[in-house]
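Everything below concerns the one structure shown next.
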Amino acid sequence: MSKVTSSTLLKLKQQGQKFTALTAYDASFAGVFDQQGVDILLVGDSMGMVLQGHDDTLPVTVADIAYHTRCVRRGINRALLIADMPFMSYATPEQTMVSAAELMRNGANMVKLEGGLWLVDTVRMLTERGIPVCAHLGLTPQSVHLFGGFKIQGRDVNNAERIISEAVELEAAGAQLLVLECIPAALAKQITATLSIPVIGIGAGKDCDGQILVMHDVLGISSGYIPRFSKNYISQTGDIRAAIDAYVEEVKSGAFPAEQHTFN
């Protein structure tokens with residue numbers, strides 16, 4: 001199969017076809033996900049919680065992401081590989097350049113940054129220098145302490161309008177993808193229709209162009225609880241490859257996310 005690029009994803013959006021994404025942190029799981037047709041793999045700072053056992057993502061470092069990006073890169077042939085820019089790794093222009101270059105050198109095809117209007121100049125600066133960017137709006141886990149916990153975003157009119165405006169500005173600055181996390185499905189549908197770039201949802205309803213989940217939730221091995229927006233696929237298949245097949249098929253058919261995985 002040919003490699004997935006940002007152009008591939010844009011074409012899928014234009015054709016009305018859904019695509020899939022999963023987090024991955026090592027070569028073995030990455031290889032399975034790649035072989036089963038997952039389009040995007042994200043080396044997420046979610047590793048702070050699911051791998052390192054922290055309560056949030058803040059302790060993750062650029063060195064952590066770089067190491068796991070190298071591991072995932074060795075396991076894949078087809079999928080687009082995105083690396084998270086961890087907490088406080090893009091606070092200044094100079095710091096942003098150093099952090100992003102490190103992740104790209106370690107195998108990332110794109111970097112992902114959390115934040116709204118304050119990131120517009122940063123996104124423009126990165127893309128002008130040849131570093132593709134995936135933006136991330138809604139519930140941005142690196143800001144969990146500002147939000148007062150992991151809470152749904154964009155339910156009131158002012159915040160919904162702010163998120164729409166930020167999405168438009170980030171696209172104009174050069175972002176090639178956008179992740180929307182934990183926002184009302186109707187708001188995600190509006191943003192997806194407004195933007196030309198592909199939009200990936202997690203807890204953002206079925207109308208996004210693609211869906212992403214944390215691999216530990218899909219495989220039923222998360223410590224604690226599985227979020228409402230996720231689904232344990234291995235419980236219905238009993239096999240890792242079959243679980244990933246089921247996830248890919250349900251996203252592409254529109255069966256996932258269902259109403260019970262969605263916020264209004």
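Note on the range 84-117: residues that are of a type in the set (F, W, Y) and closer than 17 Å to G48 by Cα total 1.
Of the residues examined, P198 is not one that is surrounded by 18 or more Cβ atoms within 10 Å (Cβ to Cβ), out of contact with any Cys (no Cβ under 6 Å at 6 or more places or on another chain), free of Cβ contacts under 8 Å to residues at least 60 places away in the same chain and not small (G, A, S). Counting only strands (runs of 3 or more DSSP E) that sit wholly inside the range 153-246, those with at least 2 residues that are closer than 25 Å to L10 by Cβ and not β-branched (V, I, T) are 177-181, 210-213.
For the range 233-264, the set of residues classified as hydroxyl-bearing (S, T, Y), free of Cβ contacts under 8 Å to residues at least 60 places away in the same chain and in contact with a Gly (Cβ under 6 Å, 6 or more places away or on another chain) consists of S235 only. The set of residues from the range 8-33 being in a helix (DSSP H, G or I) and buried (at least 23 other Cβ atoms within 10 Å of the Cβ) comprises L9, A30, F33. Annotation: T127 fulfils all but one of (1) free of Cβ contacts under 8 Å to residues at least 24 places away in the same chain; (2) part of a helix (DSSP H, G or I); (3) closer than 19 Å to T5 by Cβ; the unmet one is (1).
Under the condition of being crowded, with 24+ Cβ neighbours inside 10 Å and among the charged types (D, E, K, R), the residues counted in the range 77-95 number 1.
Determine whether the range 133-142 contains at least one residue that is modelled with pLDDT under 95 and part of a helix (DSSP H, G or I). Yes, that holds for at least one residue. Of all residues in the range 68-109, those that are at pLDDT 95 or above, in a loop (DSSP other than H, G, I, E, B) and among the polar types (S, T, N, Q) total 4. Could you tell me whether the range 123-132 includes any residue that is within 26 Å of T8 (Cα to Cα) and of a type in the set (S, T, Y)? Checking the range 123-132: at least one residue is within 26 Å of T8 (Cα to Cα) and of a type in the set (S, T, Y). Of everything in the range 234-259 that is hydroxyl-bearing (S, T, Y) and modelled with pLDDT under 95, the residue that is nearest to M49 (Cα to Cα) is S235.
Could you say whether any residue in the range 42-50 is more than 24 Å from I240 (Cβ to Cβ), touching a Ser or Thr at 6+ places or on another chain (Cβ under 8 Å), without any contact (Cβ under 8 Å) to a residue 12 or more places away in the chain and not in a loop (DSSP other than H, G, I, E, B)? Write out each step before concluding.
Narrowing the range 42-50 to residues more than 24 Å from I240 (Cβ to Cβ): none.
Within the range 42-50 (the criterion being more than 24 Å from I240 (Cβ to Cβ), touching a Ser or Thr at 6+ places or on another chain (Cβ under 8 Å), without any contact (Cβ under 8 Å) to a residue 12 or more places away in the chain and not in a loop (DSSP other than H, G, I, E, B)), the answer is no, since none of the residues qualifies.
One residue alone among E128, E114 is acidic (D, E) and farther than 21 Å from D217 by Cβ, and that residue is E128. Apart from one condition, K3 fits all of (1) surrounded by fewer than 16 Cβ atoms within 10 Å (Cβ to Cβ); (2) farther than 23 Å from N106 by Cα; (3) of a type in the set (K, R); the exception is (2).
The values are calculated or read from the model by the stated rules, or taken from the named source; none is laboratory data. Just so it is clear, the structure is predicted and the values come from calculations on it, not from any experiment. Note that we place each Cβ from the backbone using ideal geometry, even for glycine, and neighbour counts take in every protein chain shown.
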